[in-house]
Amino acid sequence: MEAKPETEKKEKNWEPKILAFLCRWCSYAGADLTGSSRISYPANVRILRVPCSGRVNPLFILKTLRSGMDGILVSGCHPGDCHYTAGNYNARRKFAILSRLLEYVGIDPRRVQFSWVSASERDKFAKVVSAVVADVKALGPNELFQLPDFGQMTKGPTSPDP
Amino acid sequence: MYRKITREKLRKWLIGLSARAEILVPAKMNGLWTFRLFHNQELPQNFLNSRIPPKNLFFEPLKGLLGWKAADGSFQVNSCPAPEAARVIFGLKPCDARALRLLQPVFTGDYPDVFYAGNLSRTLLLGQACRVQCQGSFCSEVGIDRQDSVDFDVFFREIAGGYIVRVITEKGNTLTGEKEFFEESSAGEWNSAKEEIRGKNEIPLFNLEKVKAGARERFPDEDFWMRVSAKCINCGICTYLCPTCHCFDLCDLQRPGQGVRFRCFDSCAFPDFTKMAVHNPREEKWRRYRQRVSHKFNFFYENFQTVACVGCGRCVAHCPVNLDLREVLLEMAR
Amino acid sequence: MNAPEDGKNIYQPHLMEIVKIIPETGDTKTFHIQFQDASLRESFSFVAGQFAEYSVFGEGEATFCISSSPTRMSHLEFSVKRVGRVTNALHQLNEGDIIGFRGPYGNYFPLDKLKGKNLLFIGGGIGLAPLRSLIHNVVDTRSDYREITILYGARSPQDLCFKYDLETWERNPSLKMVTTVDAGDNKWKGKVGLVPMVLEELKPSAGETMAITCGPPIMIRYTLKSLEKLGFTPSQVWTTLEMKMKCGLGKCGRCNIGPLYVCKDGPVFSQEEIQNFTSDEF
Amino acid sequence: MSEIIPEVSKDGLLDLGKKLFDERRVDYFLGYKKGTVRFKTIPLIARKGEDLQELWVEDFFHANLSLYLKEIKGRVGILAKGCDSRSLVSLIKEGQIKREDLYIVGIPCAGQVDPGKAAKAASCEPEELEEIIRRNQEFVIRANGQEKTLSKTQVLLDKCLFCQYPRPLIFDSLLTGDYVAPVSPVARAQDDLRQKPVSEKWAFWSGQFERCIRCYACRNVCPACFCPRCIVEENMPQWVSPLPAEGDNFVFHLMRLLHVAGTCVSCGECQRVCPVEIPLMKLNEKMTDDLRELFDFVAGVDLEKALPFRTYRQEDPQDFIR
């Protein structure tokens, strides 16, 4: 999971791609405010608006990793502030298990991060994004599931032999 | 033509060949027997057969067929190259080699598949005789001689200190003609080196002719198929471990600007295998199980005049619920 | 026919450009496509009834018949109802987009057996597509055949496909064209009734007639019964079958009906052959 | 149930089963019959009293029969080991089956044999094992014409070594016998992998996932995997492609695991049936431990307690959230 030094050398100007799942009531509005307040934060995040952090199925996160995104941020309302009363409480349980499992199978927890950002926390949003980007940058690109090399696209019991 | 070679010389011969070709030999990996790259090691003596059939080295479980690239308004499709690099596989068992031959007309008949054909033509098949009957196997019942075979280039039978060798093809003859490794032998010596198989079925389990007839007769018998398939859990173990199962799926993988079309295994045990927009002709479990058995013992025989089962016993030994194909065949033969 | 070339990757599609898209019904479109490679435009040939594998790169391949006629080779046509992953992706495409094409595959309508006979086409819904290829073909070689009757039905007037063809055929004095819908609307002036019922009203004579039918399974089932009532023998009735396919080449192993592979031994079968199938799984 | 037969003998089991059919208390009876392969038994799906003639409860009844409750609807009589009964509890909690549709016959289990482990301990190939005979507190292994005596810990499945529920948690009848754990329960050995750095964990699991052939036996054999249509087969959108590529295998296994969180009772069937021997139970155990630690939840032991993802507490841990 750690970046291979060769790759970093190969692509000096590499910038991580981060997908952010933002709850529309808090974190998305927070991101909006960050922007309209002209607070700058790294441009590495692609924002996906979700109705609630409770909508983020762990499958979304797995699939995003599989598609080659370098990092993921899931952000929702602070506990107690959920527009749907308890969406974030439910989400928190799922994320707790998911993040421990990902760590156990060898996905660095810094790649998949979670935060609570309210609609007014413009500074916190910028800070969280900067921190996630810095973490993922330090980890290097997600090379887990790239397309196999063209021409050697065969998987038999012999192919990868140490 | 018959030759002989000592155990140590065989290893040296393979080491010599490895300069010209990729050599695969039986080796244990994560506790499973499989065919791995040869690292000049001693050849194993207790190898029965690989868990995953060597079919996977010819008809790969994941094979890129073609790829595409879109750039600057142009769109290009490129075929994956047919495999060419020379390869030697040592230690194949007669059942698995027969399976490779069975698949030949499917893949290289009309509309020849360059990938399968290429894998066959680039590979030198070195077989090894069995000494033990594998768990769940019924190879002799489907007409396979565990001590002799012509489905290889060269067939090895273990004798004290080494091997006696039956040379079958011209390619095999050229390669085993090197005097420093092989010495000449005779048919007499070959015949006298025949061994008894340990743990073999003393009485054949069934008569293949009766099974074939039974497969046709039993086909409409829905109750029979429902009964025998009741405990099946619809997993793909029997098909994915089968050396003759060859159903596949085509699947695209897309990344920004480029993509690859892969071939991967598919299984008639899966409900979605034949699912179409409005209906699924094999929705029920018994129909799918019937398809698997009938394909092997009825349809394949009708199309290619041979049954598509080599009796390796993998599906019997590894079925999660012990759905024993031998019992089904036995009942069909009745 | 285009025989496979030696050493070629049989799974590699030719690239074709979508030159025109015609919306047929709410969920069906017809695509006109043309080979990118000019030499293929010249050399490609097929026979009515054959099918091909069409790719949307990144989404996958799907099987459709070629619905245009071999007598009109300026481009190829195929029609798609939106139901699954690939058909949805096809419906998203625009004119000028590139798709993949492998084919032609499978057998075809037995033109030699149809020559000199009366022809009765019975189609339902999108099932007209394969028949259309043959209808255009026999219209273009009209003198080879005797009377030609086309019976076509759909659920409602909105579900009628190929309305432009239906109009041309209606105007063609050498064809007898009957269009029916299961349920009309206030604008519909044509026939109302299920295809098998209308067929029985039409009373086509069975002698010297070949019936060719394609449509939804339920329509086929009752149509076959009606044909039998009208005195058609199984060898006079032809149909084209649909099964799930992936390779189209008799290898991937899912389109079999007993020992027959619909992709290689079909998709066109006579009623006589279907009766002899060892399996009812279609 | 109007009448409860508290204890049945092995011979009485057949009569009990027949009686259940005769009195139309059950439509099916799930038991075991003698296997045709060494160290295996066949699940027996009886549809009438006569089918029960083949009933066989001797040894090697690994299979967790509750898996068939996904498919068999109606009133079912079922044999259950102590551990299997947790699956039944789980499925009742999930609303998949109704307690009143089941007639559960608890069976005593002295631990199930792991042939792979036994072979390793006897330093031979699993294929070479000829016999595994239970003898008092030990096992006698015959392989290649030689006999070896091994201890229970060397032969039994790991899950049996820390068996906590030798006696079924719910049942209608119990087969006579001892409902005690095969060995005095030991704490499960700590999984070394958990202490390793994250890169080593990836090295380990990528090697495991790479091997997966995507036969889906782990999913199909799992009593807790009961979705009528699995997300793996969904292709609009396609969450997991059918390619046995490392990335898709990774998504498949983690997704499968998360789907059974709270229902998985660590019966170990997924790992037992895996044809390429992926140690799937490592994952399940990790998740089970996390659920216990974070949410104080143990699957399949309590009919009342809410499932972990259907409830929450305000004070649930959130130290991982920024």
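Strands (runs of 3 or more DSSP E) fully within the range C:165-282 that include at least 1 residues being surrounded by fewer than 22 Cβ atoms within 10 Å (Cβ to Cβ) and not assigned by TED's automatic domain parsing to the domain that holds C:G153: C:268-270.
If you check D:G12, D:G95, which single one turns out to be surrounded by fewer than 19 Cβ atoms within 10 Å (Cβ to Cβ), farther than 30 Å from D:E304 by Cβ and not aliphatic (A, V, I, L, M)?
Working: D:G95 fails: farther than 30 Å from D:E304 by Cβ.
Only one candidate qualifies: D:G12.
Filtered by the rule that a residue be in a helix (DSSP H, G or I), over 30 Å from B:L323 (Cα atoms), touching a residue at least 40 places away in the same chain (Cβ under 8 Å) and more than 10 Å from every other protein chain (Cβ to nearest Cβ), the range B:101-139 gives a lone residue, B:L120. Residues of the range B:221-244 that are more than 8 Å from every other protein chain (Cβ to nearest Cβ) and free of Cβ contacts under 8 Å to residues at least 40 places away in the same chain: B:D221, B:D223, B:R227.
Once the range D:128-162 is narrowed to residues that are touching a helix residue (DSSP H, G or I) at 6+ places or on another chain (Cβ under 8 Å) and within 13 Å of chain B (Cβ to nearest Cβ), the residue that is farthest from B:P320 (Cα to Cα) is D:N144. Among the residues making up the range D:51-72, those that are touching a Phe, Trp or Tyr at 6+ places or on another chain (Cβ under 9 Å) and away from chain B (no Cβ under 13 Å) are D:L52, D:L55, D:V57, D:E58, D:D59.
Of the helices (runs of 4 or more DSSP H) lying entirely inside the range B:176-240, the ones with 2 or more residues being among the aromatic types (F, W, Y) are found at B:222-229. Name the residue that is farthest from the other protein chains (Cβ to nearest Cβ), counting only residues in the range D:288-322 that are in a loop (DSSP other than H, G, I, E, B) and of a type in the set (F, W, Y). Only one residue fits best here, namely D:F297. The residue list B:C264, B:C268 contains one member that is at the interface with chain C (Cβ under 8 Å from one of its Cβ atoms), of a type outside the set (S, T, N, Q) and under 30 Å from C:G100 (Cβ atoms), which is B:C268. Among the residues of the range D:250-265, the one identified as within 28 Å of B:R314 (Cβ to Cβ), away from chain B (no Cβ under 14 Å) and not hydrophobic (A, V, I, L, M, F, W, C) is D:H253. Within the range A:72-80, does at least one residue satisfy the condition of being facing chain D (nearest Cβ under 7 Å), among the hydrophobic types (A, V, I, L, M, F, W, C) and closer than 21 Å to A:N142 by Cα? No: the range A:72-80 contains no residue that is facing chain D (nearest Cβ under 7 Å), among the hydrophobic types (A, V, I, L, M, F, W, C) and closer than 21 Å to A:N142 by Cα. Criterion applied to B:I164, B:I159, B:I168, B:I144 was being touching a Cys at 6+ places or on another chain (Cβ under 6 Å) and either of a type in the set (G, A, S) or in the same structural domain as B:E8 (by TED's automatic domain parsing) (or both), and the one residue passing it is B:I144.
The criterion of at least 2 residues that are away from chain D (no Cβ under 13 Å) and not aliphatic (A, V, I, L, M) is met, among helices (runs of 4 or more DSSP H) falling completely within the range B:275-331, by B:285-294, B:300-304.
Screening the range D:143-152 for residues that are surrounded by 15 or more Cβ atoms within 10 Å (Cβ to Cβ) and modelled with pLDDT of 90 or more and picking the one that is nearest to the chain's Cα centre (by Cα) gives D:K152.
Looking across B:A193, B:A187, one residue alone is aliphatic (A, V, I, L, M) and modelled with pLDDT under 90. It is B:A193. Out of the residues in the range B:84-133 that are touching a helix residue (DSSP H, G or I) at 6+ places or on another chain (Cβ under 7 Å) and among the small types (G, A, S), state the one that is surrounded by the most Cβ atoms within 10 Å (Cβ to Cβ). Per the stated criteria, the residue is B:A99. In the range D:263-287, the residue that is surrounded by the most Cβ atoms within 10 Å (Cβ to Cβ) out of those that are among the aliphatic types (A, V, I, L, M) and assigned to a loop (DSSP other than H, G, I, E, B) is D:V265.
Here is a yes/no grid of residues against (1) in contact with a strand residue (DSSP E or B) (Cβ under 8 Å, 6 or more places away or on another chain); (2) assigned by TED's automatic domain parsing to the domain that holds B:S149; (3) crowded, with 23+ Cβ neighbours inside 10 Å:
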{"residue": "B:M276", "(1), (2), (3)": "no, no, no"}
{"residue": "B:K285", "(1), (2), (3)": "no, no, no"}
{"residue": "B:R290", "(1), (2), (3)": "no, no, yes"}
{"residue": "B:H295", "(1), (2), (3)": "yes, no, yes"}
{"residue": "B:F299", "(1), (2), (3)": "yes, no, yes"}
{"residue": "B:L323", "(1), (2), (3)": "yes, no, no"}
{"residue": "B:L329", "(1), (2), (3)": "no, no, yes"}
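Residues in the range B:249-258 that are of a type outside the set (D, E, K, R) and either free of Cβ contacts under 8 Å to residues at least 24 places away in the same chain or assigned to a loop (DSSP other than H, G, I, E, B) (or both): B:C251, B:L253, B:Q254, B:P256, B:G257.
Given the criterion under 24 Å from D:W56 (Cα atoms), surrounded by fewer than 17 Cβ atoms within 10 Å (Cβ to Cβ) and among the β-branched types (V, I, T), identify the matching residue among D:V140, D:V76, D:V105, D:V113. Every option except D:V140 fails the conditions.
Every listed requirement among (1) over 27 Å from D:P228 (Cα atoms); (2) away from chain C (no Cβ under 11 Å); (3) in contact (Cβ under 8 Å) with a residue 24 or more places away in the chain is met by B:E202 save one, (3). The condition of being in contact with an Asp or Glu (Cβ under 7 Å, 6 or more places away or on another chain) and more than 17 Å from B:P53 (Cβ to Cβ) holds for only one of B:A117, B:A70, B:A85, that being B:A85.
Being facing another protein chain (nearest Cβ under 10 Å) and either in a helix (DSSP H, G or I) or among the hydrophobic types (A, V, I, L, M, F, W, C) (or both) is the requirement here; does D:C225 meet it? It is false that D:C225 is facing another protein chain (nearest Cβ under 10 Å) and either in a helix (DSSP H, G or I) or among the hydrophobic types (A, V, I, L, M, F, W, C) (or both). Meeting the requirement of 1 or more residues that are of a type in the set (F, W, Y) and not assigned by TED's automatic domain parsing to the domain that holds D:V26, the strands (runs of 3 or more DSSP E) wholly within the range D:112-221 are D:138-143. Of the residues making up the range A:1-35, those that are β-branched (V, I, T) and modelled with pLDDT of 90 or more are A:I18, A:T34. Taking the range B:26-88 as the region of interest, the strands (runs of 3 or more DSSP E) fully inside it that hold 1 or more residues being under 19 Å from B:Y240 (Cα atoms) and modelled with pLDDT under 95 are B:32-37, B:62-71. Kindly evaluate D:A245 against the criterion of being modelled with pLDDT under 95, crowded, with 17+ Cβ neighbours inside 10 Å and within 12 Å of chain A (Cβ to nearest Cβ). Yes.
The values are calculated or read from the model by the stated rules, or taken from the named source; none is laboratory data. Every value quoted in this text rests on a predicted model; they were computed, and no experiment measured them. All Cβ positions, glycine included, derive from the backbone under ideal geometry; neighbour counts span all protein chains shown.
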